[in-house]
1. Within region 301-324, can you find the residues that are in contact (Cβ under 8 Å) with a residue 40 or more places away in the chain and either aliphatic (A, V, I, L, M) or exposed (fewer than 12 other Cβ atoms within 10 Å of the Cβ) (or both)?
2. Is there a residue in region 393-401 that is more than 26 Å from Glu84 (Cα to Cα) and not in a helix (DSSP H, G or I)?
3. So Leu335 fits all but one of (1) in a loop (DSSP other than H, G, I, E, B); (2) under 24 Å from Thr509 (Cβ atoms); (3) of a type in the set (A, V, I, L, M); what number is the exception?
4. Are any of the residues in region 447-461 touching a Phe, Trp or Tyr at 6+ places or on another chain (Cβ under 7 Å) and either among the polar types (S, T, N, Q) or surrounded by 22 or more Cβ atoms within 10 Å (Cβ to Cβ) (or both)?
5. For the structure I just gave you, tell me whether Pro370 is surrounded by 20 or more Cβ atoms within 10 Å (Cβ to Cβ), part of a loop (DSSP other than H, G, I, E, B), more than 22 Å from the chain's Cα centre (by Cα) and not hydroxyl-bearing (Ser, Thr, Tyr).
6. Give the residue that is farthest from the chain's Cα centre (by Cα), with candidates limited to residues of region 284-325 that are in a helix (DSSP H, G or I), over 19 Å from Ile164 (Cα atoms) and of a type outside the set (Lys, Arg).
7. All but one of (1) out of contact with any Asp or Glu (no Cβ under 9 Å at 6 or more places or on another chain); (2) among the hydrophobic types (A, V, I, L, M, F, W, C); (3) within 30 Å of Val523 (Cα to Cα) hold for Ile459; which doesn't?
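The values are calculated or read from the model by the stated rules, or taken from the named source; none is laboratory data. All values derive from a computational prediction rather than experimental measurement. Here the Cβ positions follow ideal geometry from the backbone for every residue, glycine too, while neighbour counts run over all protein chains shown.
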Amino acid sequence: MGSLEFKFIIWLRKCESGGPSSFPFEACTTSVQLSRDIFSDMQFNVLPVNTTYIAIILSLIILGHLYRQSKHKKRQHGDQAPSEPWKRYAKWAKERGTPIVSLRPYGTNTVVLNNLDCATALLEKNSANYLSRPDRPLLRLMGRADNVVVQQYGPRLKKCRKLIHDTLHSRDVDKQARLECLIEEESASLLQNLLKNAHEPLEPQISRFVASMIYKLAYGRCPDSEHFKLLEATTRYTNESLIPGNWLVDSYPFLQYLPSWMPGGGFKKWAHSARSQFRLLTEIPFQRVKDEIAKGTAPPSFVRDHLIATGDDSSMEPIIAGTAASFHSAGTDTLSATILSFILIMVVHPQIQQKAYEEIISVVGADRLPTVSDCKSFPYLTAVMKEVHRFNPAVPVSVRRAERKDYYHGQYIRRGSWVLVNMWAMTHDESEYTDPHVFSPERFLHTKGPKPRDSRDIIFGFDKRRCPGLPLANNSLMVVFARLLSVFDLQPSRDLHGVPIIPAMEFSTGFTSPPKPFTCTFVQRSSSLANQIIDKD
């Protein structure tokens, strides 16, 4: 056994001597320091060493130990994966009397921000230190490191965000009219599908609506069935890749050099498959728009407008292509999760649903669909939307990285630490929202005393990483909410005896948190309005 392997095993045994919980949390050496030790020994012994061989040996040792650790924990705690970790973080913060909770999963220094004060202090007042995301080797292997959502902060990200801002925040009347028309046309198509396919599963219909709207915005065309299949696959890859702590390679970067054929190297095959799917998702529709521009047949779209605006600057092409593809990962799952949450909550709270419906028909009547411009006249429905965001944030936890060491509230934050922003905890903070576990739109309409913070100020992020798609999200959600209530009375399904089956208010654990699958009934309010919608098909 070489001196390097001997030193590593001695270190590993020291880790083991502290008991099952000591590795890889408190005693773990970071992969960076370990790499330095490796090459220091290589130079000292003056031996020809194959770095791939070194990576394989170390990877097998670590993977074997982690396997034993996981088996031990399964015997202690069972096989069930933890659910809704954001609730556990909030509970720990409350029990310890501190807004920041420190963790060290798989050797990664991690702090969780659980209230708005600490998030504001760190992410806005000291924003320069927290603008980037953690380094994720898996995303590089997948070819997604340049995605707008996970991209490191720098000149390229600024260009991406400017492209989005020029499209969604434009004061150009024609661009705004085109965006509003897109939202109204696609939401009408959603209603048509729900009227015709009332007995089909709800989740795919909502996802297809959002995907179609975003695809038209990005590329100017309706997506085909192949695109939907591709989008479904890439969405699944994206969600799995972004779950914090789900991939050892993100905590031990040297594992990326492990050959895919070795035990424990299966993640590289998975990442390679994901990379090929993402490449197709990015390149096929982008090239189609380029070809249409050359022929003079390209309809207005995000890609067309910016390719024409940048002219012969070829350096902008990959930025435009990547930003357009990022619309999918940034918007499809989050908007879908929010719409599904709204439907579930309306089914469970029929009194709130009825109040919102009465407000809508008092403005637009019962014979036409609400438009984007009508939504400014719906204060109660706006409060409902804010409360949906507050009650179940589509993305409960986001992540940043500390570029330099920092101190806050007596907590030392190491350089390179992962900073988890627990937005669920912030929107359920009792000091800001009375009875936070009760769904109550009225909290945003009170005229006496200070109003609670608009939940959108929290869930769409902070400072220069704030979601640039906020205008699209606001308008599309309001129109969909208003139109669903205009056309349908959302009711619970019934059993064979006609007894209502009230769905459980349960939500999934993942990068996004949509409701768990549920059933409900879409009862037409007006046959004449329904017929108008179907006839427009």
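1. Val303, Met316, Ile319, Ile320, Ala324
2. Looking for residues that are more than 26 Å from Glu84 (Cα to Cα) and not in a helix (DSSP H, G or I), one finds none in region 393-401, hence no.
3. (1)
4. no
5. Answer is yes for this residue.
6. Selected residue: Ala294.
7. Answer for Ile459: the failing condition is (3).
Per-residue answers, yes or no, for (1) over 30 Å from Ile534 (Cα atoms); (2) among the acidic types (Asp, Glu); (3) outside any loop (DSSP other than H, G, I, E, B); (4) out of contact with any Cys (no Cβ under 8 Å at 6 or more places or on another chain):
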{"residue": "Pro436", "(1), (2), (3), (4)": "yes, no, no, yes"}
{"residue": "Arg453", "(1), (2), (3), (4)": "yes, no, no, yes"}
{"residue": "Ile458", "(1), (2), (3), (4)": "yes, no, yes, yes"}
{"residue": "Leu484", "(1), (2), (3), (4)": "no, no, yes, yes"}
{"residue": "Gln491", "(1), (2), (3), (4)": "no, no, yes, no"}
{"residue": "Ser513", "(1), (2), (3), (4)": "yes, no, no, yes"}
